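Have a look at the structure below before the remarks.
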Amino acid sequence: NAGVTQTPKFRVLKTGQSMTLLCAQDMNHEYMYWYRQDPGMGLRLIHYSVGEGTTAKGEVPDGYNVSRLKKQNFLLGLESAAPSQTSVYFCASSRSGGSGYTFGSGTRLTVV
Amino acid sequence: GQQLNQSPQSMFIQEGEDVSMNCTSSSIFNTWLWYKQDPGEGPVLLIALYKAGELTSNGRLTAQFGITRKDSFLNISASIPSDVGIYFCAGQLAYGNKLVFGAGTILRVKS
């Protein structure tokens with residue numbers, strides 16, 4: 001049982017490049033989330049999804065897009081990467097109406 | 001939006017000491033959760049609290065859901081080196097499933 005799997009684990013981008021982070025969960029969870037973690041700022045919600053085909057903005061959505069075409073996958077896209085997007089990105093999932101999230105192990109992204 | 005104030009920001013303690021940290025908010029939460037993040041990993045759920053006044057233990061960890069529903073506390077007894085990491089509190093509002101996270105408490109243990 002893999003839980004929540006994030007790929008890639010590490011990536012270095014040049015300013016202006018684009019990339020997609022993939023999150024996959026095998027727990028049949030309805031809800032999925034993307035967070036970014038920066039020193040001293042905890043976990044900030046970027047976008048989330050309450051079910052297949054739905055997405056919603058979180059606390060810090062600017063510069064990111066997401067898609068949830070399949071229930072088990074939640075993709076986070078950066079169309080034109082900026083140094084301010086250097087961060088560690090975490091995906092999480094939860095049952096609808098359930099308590100507590102299961103997190104992936106993170107993607108460390110550096111934009112130079 | 002809702003904010004959680006988590007304190008202390010960091011702690012550096014001797015092995016064997018007890019540790020206390022807390023989380024406060026101006027909002028009322030339906031659920032309080034405590035997570036631990038090991039270096040290079042994602043947060044892992046330690047304890048979930050569902051009722052005001054609830055006191056729950058998980059091994060050497062004990063957490064309490066404050067009576068006002070605006071705060072929560074986590075205690076670690078007899079700390080050991082593997083307790084090192086970042087501890088996050090999180091609150092879940094009554095309506096909706098999104099968690100609000102505190103900024104984290106960094107725990108370092110001197111052996």
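The values are calculated or read from the model by the stated rules, or taken from the named source; none is laboratory data. Keep in mind the model is a prediction, meaning the values are calculated, not measured. Cβ placement follows ideal geometry from the backbone for every residue including glycine, while neighbour counts extend to all protein chains displayed.
The combined condition, being modelled with pLDDT of 95 or more, within 10 Å of the chain's Cα centre (by Cα), farther than 14 Å from A:Ala92 by Cβ and away from chain B (no Cβ under 11 Å), is not fulfilled by A:Gly63.
Taken over the stretch A:58-112, residues that are of a type in the set (S, T, N, Q) and either part of a loop (DSSP other than H, G, I, E, B) or touching an Asp or Glu at 6+ places or on another chain (Cβ under 7 Å) (or both) amount to 8. The residue list B:Ser27, B:Ser7 contains one member that is within 14 Å of another protein chain (Cβ to nearest Cβ) and either farther than 22 Å from A:Thr102 by Cβ or not aromatic (Phe, Trp, Tyr) (or both), which is B:Ser7.
In summary, strands (runs of 3 or more DSSP E) completely within the stretch B:18-111 and bearing 1 or more residues that are touching a Leu at 6+ places or on another chain (Cβ under 7 Å) occur at B:19-25, B:31-37, B:44-49, B:55-58, B:61-65, B:71-76, B:85-92, B:99-101. When you go through (1) within 13 Å of chain B (Cβ to nearest Cβ); (2) farther than 18 Å from B:Gly91 by Cα; (3) surrounded by 14 or more Cβ atoms within 10 Å (Cβ to Cβ) one by one for A:Gly51, which number turns out not to apply? Against the list (1) within 13 Å of chain B (Cβ to nearest Cβ); (2) farther than 18 Å from B:Gly91 by Cα; (3) surrounded by 14 or more Cβ atoms within 10 Å (Cβ to Cβ), A:Gly51 comes up short only on (3). The set of residues in the stretch A:12-31 that are of a type outside the set (S, T, N, Q), surrounded by 14 or more Cβ atoms within 10 Å (Cβ to Cβ) and not in a loop (DSSP other than H, G, I, E, B) comprises A:Leu13, A:Met19, A:Leu21, A:Leu22, A:Cys23, A:Ala24, A:Tyr31.
One line per residue, one yes/no per condition, for (1) surrounded by fewer than 16 Cβ atoms within 10 Å (Cβ to Cβ); (2) modelled with pLDDT of 95 or more:
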{"residue": "A:Phe10", "(1), (2)": "yes, yes"}
{"residue": "A:Asp38", "(1), (2)": "yes, no"}
{"residue": "A:Ser87", "(1), (2)": "no, yes"}
{"residue": "A:Cys91", "(1), (2)": "no, yes"}
{"residue": "A:Ser94", "(1), (2)": "no, no"}
{"residue": "A:Gly104", "(1), (2)": "no, yes"}
{"residue": "A:Thr110", "(1), (2)": "yes, yes"}
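Restricting attention to the stretch B:49-76, the residues that are facing chain A (nearest Cβ under 10 Å) and surrounded by 19 or more Cβ atoms within 10 Å (Cβ to Cβ) total 1. Candidates are the residues of the stretch A:19-41 that are within 15 Å of the chain's Cα centre (by Cα) and over 20 Å from A:Lys71 (Cβ atoms); the one that is farthest from the other protein chains (Cβ to nearest Cβ) is A:Met19. The single condition among (1) of a type outside the set (Phe, Trp, Tyr); (2) modelled with pLDDT of 95 or more; (3) in a strand (DSSP E or B) that A:Leu45 does not meet is (2). Checked against (1) farther than 14 Å from A:Leu22 by Cα; (2) crowded, with 21+ Cβ neighbours inside 10 Å; (3) of a type outside the set (D, E, K, R); (4) within 11 Å of chain B (Cβ to nearest Cβ), A:Gly100 passes all but condition (2). Based on this model, can you work out whether B:Gly16 counts as buried (at least 20 other Cβ atoms within 10 Å of the Cβ), on the phi > 0 side of the Ramachandran plot and in contact (Cβ under 8 Å) with a residue 40 or more places away in the chain? For B:Gly16, the condition - buried (at least 20 other Cβ atoms within 10 Å of the Cβ), on the phi > 0 side of the Ramachandran plot and in contact (Cβ under 8 Å) with a residue 40 or more places away in the chain - is not met.
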